[in-house]
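Just so you know, all these numbers are worked out from the coordinates, no wet-lab data involved. Quantities reported herein were computed from a predicted structural model and do not represent experimental measurements. Cβ placement follows ideal geometry from the backbone for every residue including glycine, while neighbour counts extend to all protein chains displayed.
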Number of protein chains: 2
Amino acid sequence: MHDVGGAGRRDVIVEAAAVEFDRDGYATASIAGIARAAGVSQGSLHRSFPTKHAVALAVIDEQNARTFAAMSAGDPSPIGTLVRASRGIADLLMRDVVVRAGIRISLEHGVLAQQTASFYEQWIAGVVDVFRLAIASGEVSTDLTPEALGGTVVPYFTGVQLVSNVRSGRADLLPVVATMWRVLVHAVVDRAHRERLLRVVDDVFA
Amino acid sequence: MHDVGGAGRRDVIVEAAAVEFDRDGYATASIAGIARAAGVSQGSLHRSFPTKHAVALAVIDEQNARTFAAMSAGDPSPIGTLVRASRGIADLLMRDVVVRAGIRISLEHGVLAQQTASFYEQWIAGVVDVFRLAIASGEVSTDLTPEALGGTVVPYFTGVQLVSNVRSGRADLLPVVATMWRVLVHAVVDRAHRERLLRVVDDVFA
């Protein structure tokens, strides 16, 4: 056992807890297992996080922060921004256990339902804002409201990454996210911008 | 405690287990709780299902059977068939605890991963077949293959119902599934069939 103080110890515990949650889910993972994986004593873990619930919230908070950071990738085209952001999040899902664990335990609902709902509301609100810009700029042309668009794109991505995990352990994640974008571009992007954005999808997911 | 024999007892246990799994998830639900909810002794439960894993598989099998029954709603239009099937599954998710529980524990992966993957493969294969018909009949006109279409529609629906559960306990399930169909119809349905199918979506989800 080693012991690093304060913020460093918190980070080590959050990473270790993510490995446990990602592998076993919230209900099965134990404080003892998390402490062991983090290489800290249970007493030390307890000083940072009094309960398993508190560790889980820290994993979800960190997942949210890393996911939203990927969302803010700059691109002059609103839909291009979303396409790049989804590639960033796909990369995080493939290589960042904190993001994977946060998404997994969020969707196991129950005790974490409130945080999960708040995460989805924030994520959807961010995507709604992008669609507002895209409609205002003429990039998107559709009967659907920005709220309906944000409220369908976020669940679409959620399902695509989840079923990719079930079917292939996310080995097919990039092509299935690319297919999602081809559907969305054909459904809502104005004809004048369609070919350009289909090329962006091809480039970003090549 | 009462005790009904054979198939009757199995059904009672599967329904009771579904209530427990739906509320608590696979890892948290217990054999003792399931027996209590079913009104049978643990010994009696054990004769039908030797392990919690075996009960979970029975719930998933029953969920699969009920879900696939909803998929075979007849309609001369292939996409019309899928739209009606998705309404049938949405109704099951709202009122049938076995379907809700089966979907929930399937997506908690881990111990049930193999059954879950097989369920998704079957479901996707069924939707791929419908898209083959729809392309052959000219109802669907797209660059995407039937495999890519099946492989994106099933995850889309999965994510939509899951996020609807997180956001509203599925209170908004019908409108969000309708939005999914509006996106899909605009994305892949041939122009000649688009207005008719948008009206089908409006009717089915009214």
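Among the residues of segment B:121-134, count how many are free of Cβ contacts under 8 Å to residues at least 40 places away in the same chain and within 10 Å of another protein chain (Cβ to nearest Cβ).
Counting residues in segment B:121-134 that are free of Cβ contacts under 8 Å to residues at least 40 places away in the same chain and within 10 Å of another protein chain (Cβ to nearest Cβ) gives 2.
Among residues of segment A:176-190 being within 7 Å of another protein chain (Cβ to nearest Cβ) and of a type outside the set (A, V, I, L, M), the one that is farthest from A:Pro146 (Cα to Cα) is A:Thr179. From the list B:Ser118, B:Ser137, the lone residue that is hydroxyl-bearing (Ser, Thr, Tyr), more than 27 Å from A:Gly169 (Cα to Cα) and more than 9 Å from chain A (Cβ to nearest Cβ) is B:Ser137. Checking each residue in segment B:184-206 for being hydrophobic (A, V, I, L, M, F, W, C) and either outside any helix (DSSP H, G or I) or touching a residue at least 24 places away in the same chain (Cβ under 8 Å) (or both) picks out B:Leu184, B:Val185, B:Ala187, B:Val188, B:Val189, B:Ala192, B:Leu197, B:Val200, B:Val201, B:Val204, B:Phe205, B:Ala206.
Count of segment A:162-171 residues, restricted to those that are more than 8 Å from every other protein chain (Cβ to nearest Cβ) and either buried (at least 23 other Cβ atoms within 10 Å of the Cβ) or within 15 Å of B:Glu147 (Cβ to Cβ) (or both), is 1.
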